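Notes follow once the structure below has been shown.
The values are calculated or read from the model by the stated rules, or taken from the named source; none is laboratory data. As the structure is a prediction and not an experimental result, all values here were calculated from the model. Backbone-built Cβ (ideal geometry, glycine too); neighbour counts: all protein chains shown.
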């Protein structure tokens, strides 16, 4: 069976004056129709660069240096810029963290939401704005008829993000990439947007890649999850497996370091030592090994591959050798 | 002056069993100006009548969404903003009317840790200069040798190597910069620290280091914290008691554990239900309260209860008069709601 989206050993490099950053290093992943895949990681882990690589929207000085990206069986690298433009407008939609900067302040929102329809569906102005009213209703913007003729500054952060989602959905894409869609929003507004994404996924079967640093958001939204660290996938599996029995020490440590709302007693948090990696000076061997409580000698020498461990995939010598992280918790 | 007399009188009566900080009817409004003549066309009621007592040695958590006034409240207590009305008492003494000299003495007792460790440190100063400035202003650790020793000691306290003293902020990661910010706050040996979103700008894997450091320093120096954050999981973890703010008002105050187990104000209830828990099995079963609409405006807040426009329990009465903060449960739990949750 072909996957909706398939990445195979994708490498994306950023050329800096003082060296090359391997922002995305041999990332492979798949997304099936209707599925929600979470990509978690800290800033600099490569999660956003992975998304931008798929969209071919990479910032200057960065380029895809290797690997394949297939969408509905077609290799995106073979497409001309024009064909890619049409994929971005109709098949894959992307929404970003900051809905403040994603809308043009000088055009009415309805005009902007209707733009993909005018360009890719050849609708006339009137029809595109009528379609925008319908889309506003779908994404829960009240008073849609009046709202479409307003300007972005008249919208709150949550409403702007709904507007971006409406624009993304206008052409009925089969894949939505949401890059930290709720990070700039307040929690009650975050809950609204997440609920909207859930509904859209259920009602229209739009597959979603949800990129976030928030493990709670992944737990509530995603079927499967990929954990990234230093440009690599370090763990991949069903959300339940990864959260219940993480098989990479980074995932394991991260889950223990965050305070949980439902903790019954005050327990002191178990922080991860050290700092996130400096991408210009990565350590040899496993990239997490300098911060890892389980590291053995081999970890500093060789970098492990992403291999099957129990019901998921993990890039770790310790768990690949059959050791359980919970039994020798440090 | 009678005001001076009561200040003295209050101070004489204060004992450590009394609140360290008492906020009474505090209002901090900011004028909204518009037009060519900069006419004042309205007021942002950032803090709009808050009563709050913080006990010595406790961590009072302060949560709410952006624009609810939580940072302004913290800054007003430290007189970093000028309140429009009300009182702030520190050890029983009213501080809003204090003159420059008395205020400078008081500044040694109170400190602040800011959210953004990138913006709150002067990029042209070395760590030594940043920490030394606080010492010099208050004439602490006089003499070059004692000054250097004190700076080394402060770096020890926050878990940084002593030889970092000569470096500049840009040479450090976010977590390390926040440690410098904490060292600067500790330099004056304060009793009270306002922590204004101290971890929100940090990477997830670094946050726990800073939370643990703050807890450890509190034990070591018997510090009192006002911990401001929008993340209720962090606030619940670190706080003894929590105050929830909505559009300039405190709507609920309770011991941290009770607030989670038995929220009384519908806003607190929906805030708690909106916070994702990193447990997929739990998330799937969870019942969510999804609020309608956006946070009300603090320029033109709704009549009566300010939350009523989004509230799922609102009745006509809620629009008429504002519910006062009243005891809802035995043991230290107050909420401002006519129809509190079960």
**Prompt:** Does residue A:312 meet the test of being surrounded by 20 or more Cβ atoms within 10 Å (Cβ to Cβ) and within 30 Å of residue A:18 (Cα to Cα)?
**Reply:** no
**Request:** Being free of Cβ contacts under 8 Å to residues at least 60 places away in the same chain and exposed (fewer than 15 other Cβ atoms within 10 Å of the Cβ) is the filter here, so list the residues in segment B:298-341 that pass it.
**Result:** B:303, B:312, B:315, B:316, B:317, B:319, B:320, B:321, B:324, B:326, B:327, B:330
**Request:** Within segment B:35-74, work out how many residues are more than 14 Å from chain A (Cβ to nearest Cβ) and in contact with a helix residue (DSSP H, G or I) (Cβ under 7 Å, 6 or more places away or on another chain).
**Result:** 4
**Request:** Provide a single number: the residues in segment B:118-137 that are in contact with a helix residue (DSSP H, G or I) (Cβ under 8 Å, 6 or more places away or on another chain), part of a loop (DSSP other than H, G, I, E, B) and without any contact (Cβ under 8 Å) to a residue 24 or more places away in the chain.
**Result:** 0
**Item:** Count of segment A:199-211 residues which are touching a strand residue (DSSP E or B) at 6+ places or on another chain (Cβ under 9 Å) and either within 16 Å of residue A:39 (Cα to Cα) or exposed (fewer than 15 other Cβ atoms within 10 Å of the Cβ) (or both)
**Value:** 5
**Prompt:** Restricting attention to segment A:245-257, which residues are surrounded by fewer than 23 Cβ atoms within 10 Å (Cβ to Cβ) and facing chain B (nearest Cβ under 7 Å)?
**Reply:** A:255, A:257
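Which helices (runs of 4 or more DSSP H) does segment A:117-183 wholly contain that include 1 or more residues that are closer than 22 Å to residue A:90 by Cα and in contact with a helix residue (DSSP H, G or I) (Cβ under 6 Å, 6 or more places away or on another chain)?
Passing ranges, in order: A:125-138, A:157-169.
Could you list all residues from segment B:94-117 that are more than 23 Å from residue B:221 (Cβ to Cβ), out of contact with any helix residue (DSSP H, G or I) (no Cβ under 8 Å at 6 or more places or on another chain) and not in a helix (DSSP H, G or I)?
Once the filter is applied, which keeps residues that are more than 23 Å from residue B:221 (Cβ to Cβ), out of contact with any helix residue (DSSP H, G or I) (no Cβ under 8 Å at 6 or more places or on another chain) and not in a helix (DSSP H, G or I), segment B:94-117 yields B:96, B:99, B:116.
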**Prompt:** Restricting attention to segment A:13-37, which residues are in contact (Cβ under 8 Å) with a residue 60 or more places away in the chain, assigned to a strand (DSSP E or B) and either crowded, with 16+ Cβ neighbours inside 10 Å or not assigned by TED's automatic domain parsing to the domain that holds residue A:198 (or both)?
**Reply:** A:21, A:22, A:23, A:24, A:25, A:26, A:27, A:28, A:29, A:31, A:36, A:37
**Asked** If you go through segment A:231-244, how many residues are touching a residue at least 12 places away in the same chain (Cβ under 8 Å) and either closer than 23 Å to residue A:191 by Cβ or within 12 Å of chain B (Cβ to nearest Cβ) (or both)?
**Response** 6
